[in-house]
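The values are calculated or read from the model by the stated rules, or taken from the named source; none is laboratory data. Just so it is clear, the model here is predicted, and its values are computed rather than measured. Cβ sites come from the backbone with ideal geometry, for glycine too, and all protein chains shown count toward neighbours.
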Amino acid sequence: MESDTPPELWQTISQHWQSLGITNPPGATDAEIDAFERNHGVRLPTGIREFYSHVDGMSLGEWDESLIRFWPLSEWYSVPVLSLLCRGIPDFGGIENFLPDAASYFVFADHSISIHVYAVRLTRDPTTPCQVVNISGGEHWGVQSASFVEFLQTYAKDSWDVFVP
């Protein structure tokens, strides 16, 4: 089960981003979160909902010292859409054939303008574990963390640590 995001966690991340000059957009509204859930037929676990209600990703063209950009909720899309949209270098085409249940994963962040991306598993049941995977091409993926909150905790300690699944 995805646990609640400790308030100090999103505050730590938000303050770190501000120290880097990243302008944190206001958090996603309840209406925006509800619309995302309705449009994609999923329910966000409490940890994701809380984080995004306080910190709605980064603006386009901004990233941290590790070249990671967290996307606003409005930019999230499923892995099969990634497969269709990202056919350059790297080429994510075909990942839906290698990542089990690929349609239930949603891309929420990228490294270095999508050299690799991070995706979280979402379902209609917000208590279902929502593991995070790292995708680095059409055949290459690995489990990054057991939950979104665990991913955030690792990221908050040192953003470079999310490169080592």
Going through (1) touching a residue at least 60 places away in the same chain (Cβ under 8 Å); (2) closer than 16 Å to residue 57 by Cα one by one, residue 108 fails only at (1)
Subset of the stretch 39-57, residues crowded, with 19+ Cβ neighbours inside 10 Å and assigned to a helix (DSSP H, G or I), comes to 47, 48, 49, 50, 51, 52, 53
Tally, over the stretch 15-36, of residues that are over 15 Å from the mean Cα position of the chain (by Cα) and either assigned to a helix (DSSP H, G or I) or of a type in the set (A, V, I, L, M, F, W, C) (or both): 12
Within the stretch 131-143, take every residue that is more than 11 Å from the chain's Cα centre (by Cα) and not small (Gly, Ala, Ser) and give me the one that is farthest from residue 49 (Cα to Cα). 139
Condition test on residue 13, is it closer than 17 Å to residue 132 by Cβ and of a type in the set (Val, Ile, Thr)? yes
Residue that is modelled with the highest pLDDT [pool: residues in the stretch 1-10 that are surrounded by fewer than 14 Cβ atoms within 10 Å (Cβ to Cβ) and part of a helix (DSSP H, G or I)]: 8
Here the qualifying pairs (Cβ atoms under 7 Å; residues six or more apart or on different chains; first in the stretch 134-155 and without any contact (Cβ under 8 Å) to a residue 24 or more places away in the chain and closer than 20 Å to residue 63 by Cβ; second part of a strand (DSSP E or B) and not β-branched (Val, Ile, Thr)) come out as 154/145
Kindly indicate the residue of the stretch 64-92 that is over 18 Å from residue 153 (Cα atoms) and at pLDDT 90 or above and also surrounded by the fewest Cβ atoms within 10 Å (Cβ to Cβ) among those meeting that condition. 74
